[in-house]
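The values are calculated or read from the model by the stated rules, or taken from the named source; none is laboratory data. Small disclaimer: the values here were computed from a predicted structure and weren't measured. Every residue, glycine among them, receives a Cβ derived from its backbone with ideal geometry; neighbour counts consider all protein chains shown.
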Amino acid sequence: MAKKDQTPKIYFLDVTNRDGVQTAKLGLSKLEKTLINIYLNEMGVFQSEFGFPTTRHEARYLEANLELVKIGVLKPIRLEGWIRAIVDDVKTAFKYVPNIKHLNLSISTSEQMLKGKLKKTGDDVIKEMTDAVDAARAMGAESIGVNAEDASRTDLSFLVKFGLAAKEHGADRLRYCDTLGYDNPFTIYESCRALAENVGLPIEQHCHGDLGMAVANSLAGAKGAIDGGQDAYINTTINGIGERAGNADLLACILAVTKSRGFAEKYQLGNPIKLTVAAKIAEFASYAFDVPIPINQPGVGANAFAHASGIHADGVLKDPENYELYSYKELGRGKPKFVETGREIISGQYSGVAGFRHLMGKINVSFGSREEANDVLELARYANVLSHKPLVEDELLFIAKYPLIAQKILTLTPLVLETM
Ligand SMILES: [Zn+2]
């Protein structure tokens with residue numbers, strides 16, 4: 001029998017639906033978040049941090065997406081919720097989202113945050129975190145990640161103590177958060193390596209771009225974790241959307257791991273990534289967030305494969321490898337796009353059934369009866385109210401295919417108003 005490969009590996013854990021939506025001035029509708037989970041799954045991303053189980057307006061969306069897991073639509077991706085590492089949050093999470101299976105529990109660890117924000121000692125923080133881990137396990141969490149917020153400004157010996165306490169209480173991973181984007185590739189390598197060696201848990205790299213190094217730091221941190229003998233889980237967001245200067249871009253991280261000089265020879269992915277989904281997921285996130293993809297964005301920017309200078313154009317025509325590290329086709333680019341230049345029927349919150357049937361017919365969806373078409377139209381109207389823009393084809397197809405799940409995702413009645 002072939003021996004199982006024990007070499008530590010790199011996994012991707014996308015946080016667009018959590019860190020991405022925390023971005024000032026930006027947001028996603030619950031249906032858009034669902035589509036992102038579907039695309040991440042199609043791409044082969046290991047885990048999606050799909051939202052906030054302690055936030056009431058997320059509860060139905062989270063439960064509905066867990067139903068999609070159950071019926072095999074979101075498989076094999078893992079959906080994990082982000083909460084604070086306190087027992088109250090664990091209880092609330094299981095109250096609002098009883099079927100939640102995977103959690104990341106977050107608490108600050110740096111002296112700056114302990115003194116300046118929490119007004120707590122290091123021992124208090126460790127106690128709160130381990131109590132929360134115990135509670136999460138007792139309530140049925142299957143996997144638990146523990147996040148050290150502001151880890152890059154935390155004394156390493158305290159981080160090791162924190163990590164060991166998490167491990168002792170059964171946590172599965174330790175998230176090293178470079179919350180302020182303070183690290184550089186050299187420092188994060190050392191920290192992640194030391195944590196892997198001294199804590200003995202897989203290490204997540206959560207990097208921000210305040211100094212323009214989020215992707216480089218993710219790669220270096222992953223290398224540190226693997227050199228220290230542990231799996232690495234790189235946290236990403238689509239198009240790098242995230243708080244302030246953003247997070248590590250999903251596609252750029254995948255390209256860095258798989259295409260950069262000599263890296264993939266030793267540092268490999270834990271599961272295959274379908275790169276051809278890259279263009280679709282980037283375009284959808286750009287549309288949903290209403291943030292254009294920068295012209296020079298790695299892989300998916302309008303200029304990523306554009307050549308104008310004579311020498312480059314000549315060279316790339318003779319052999320693309322002269323001036324391109326990877327091909328546009330690998331990323332799912334190059335397909336013709338259908339743009340309506342004549343009459344256009346669009347689905348909106350005030351659409352009627354005739355126009356809707358016409359629109360759905362164009363994407364090969366037909367309805368058995370007028371009533372059925374009306375039901376799906378009703379859902380599409382609600383989806384439009386929530387996203388304020390025409391639905392994309394995949395959103396319409398999703399609603400038509402899973403109307404009952406869509407209904408849950410689109411229902412935003414406040415669950416309880418305790419003071420009224
Ligand atoms: Zn973050």
Among the residues listed as LEU62, LEU68, LEU79, the single one being more than 16 Å from the ligand (Cβ to nearest atom), touching a strand residue (DSSP E or B) at 6+ places or on another chain (Cβ under 6 Å) and in a helix (DSSP H, G or I): LEU62
Residues that are assigned to a loop (DSSP other than H, G, I, E, B), under 22 Å from PHE263 (Cα atoms) and in contact (Cβ under 8 Å) with a residue 40 or more places away in the chain, drawn from the range 226-251: GLY229, GLN230, ASP231, ALA248
Selection status of SER309, under 30 Å from THR7 (Cα atoms) and of a type in the set (Gly, Ala, Ser): no
One residue from ALA288, ALA279 being among the hydrophobic types (A, V, I, L, M, F, W, C) and either exposed (fewer than 15 other Cβ atoms within 10 Å of the Cβ) or touching a Lys or Arg at 6+ places or on another chain (Cβ under 7 Å) (or both): ALA279
Matching option when the condition is out of contact with any strand residue (DSSP E or B) (no Cβ under 7 Å at 6 or more places or on another chain) and either surrounded by 12 or more Cβ atoms within 10 Å (Cβ to Cβ) or under 27 Å from LEU28 (Cβ atoms) (or both), among LYS318, LYS401: LYS401
Sole exception among (1) in a loop (DSSP other than H, G, I, E, B); (2) more than 16 Å from the ligand (Cβ to nearest atom); (3) of a type outside the set (A, V, I, L, M, F, W, C) for GLU283, by number: (1)
Test: ALA141 is crowded, with 18+ Cβ neighbours inside 10 Å and in a loop (DSSP other than H, G, I, E, B): yes
Exclusive hit being at pLDDT 95 or above and under 24 Å from ILE100 (Cβ atoms), set GLU190, GLU168, GLU197: GLU168
Residue in the range 53-63 that is buried (at least 23 other Cβ atoms within 10 Å of the Cβ) and closer than 22 Å to CYS207 by Cα present: no
Scope the range 64-95; condition closer than 24 Å to LYS280 by Cβ, among the acidic types (Asp, Glu) and surrounded by fewer than 22 Cβ atoms within 10 Å (Cβ to Cβ); matching residues: GLU67
Test: ASN235 is within 14 Å of the ligand (Cβ to nearest atom) and more than 21 Å from PHE289 (Cβ to Cβ): no
Filtered residues of the range 316-345 (kept if free of Cβ contacts under 8 Å to residues at least 60 places away in the same chain and either part of a helix (DSSP H, G or I) or farther than 30 Å from GLU393 by Cβ (or both)): VAL316, LEU317, LYS318, ASP319, PRO320, GLU321, ASN322, TYR323, LYS329, GLU330
Enumeration of residues in the range 291-315 that are surrounded by 12 or more Cβ atoms within 10 Å (Cβ to Cβ) and assigned to a helix (DSSP H, G or I): HIS312, ALA313, ASP314, GLY315
Filter result (surrounded by fewer than 21 Cβ atoms within 10 Å (Cβ to Cβ) and either within 16 Å of the ligand (Cβ to nearest atom) or among the aliphatic types (A, V, I, L, M) (or both)) within the range 257-272: ALA264, LEU269
Subset tally (residues that are more than 21 Å from GLU67 (Cβ to Cβ), among the β-branched types (Val, Ile, Thr) and not in a loop (DSSP other than H, G, I, E, B)) for the range 85-129: 5
First in the range 154-173 and on the phi < 0 side of the Ramachandran plot and assigned to a helix (DSSP H, G or I), second anywhere and modelled with pLDDT under 95 and polar (S, T, N, Q), Cβ under 6 Å, 6 or more apart: PHE162/THR109
Among the candidates VAL133, VAL146, residue that is part of a strand (DSSP E or B) and surrounded by 20 or more Cβ atoms within 10 Å (Cβ to Cβ): VAL146
Candidate set: the range 204-213, residues that are over 15 Å from the mean Cα position of the chain (by Cα) and within 12 Å of the ligand (Cβ to nearest atom); chosen: the one surrounded by the most Cβ atoms within 10 Å (Cβ to Cβ): GLY209
Some residue of the range 8-23 being aliphatic (A, V, I, L, M), more than 16 Å from the ligand (Cβ to nearest atom) and assigned to a strand (DSSP E or B): yes
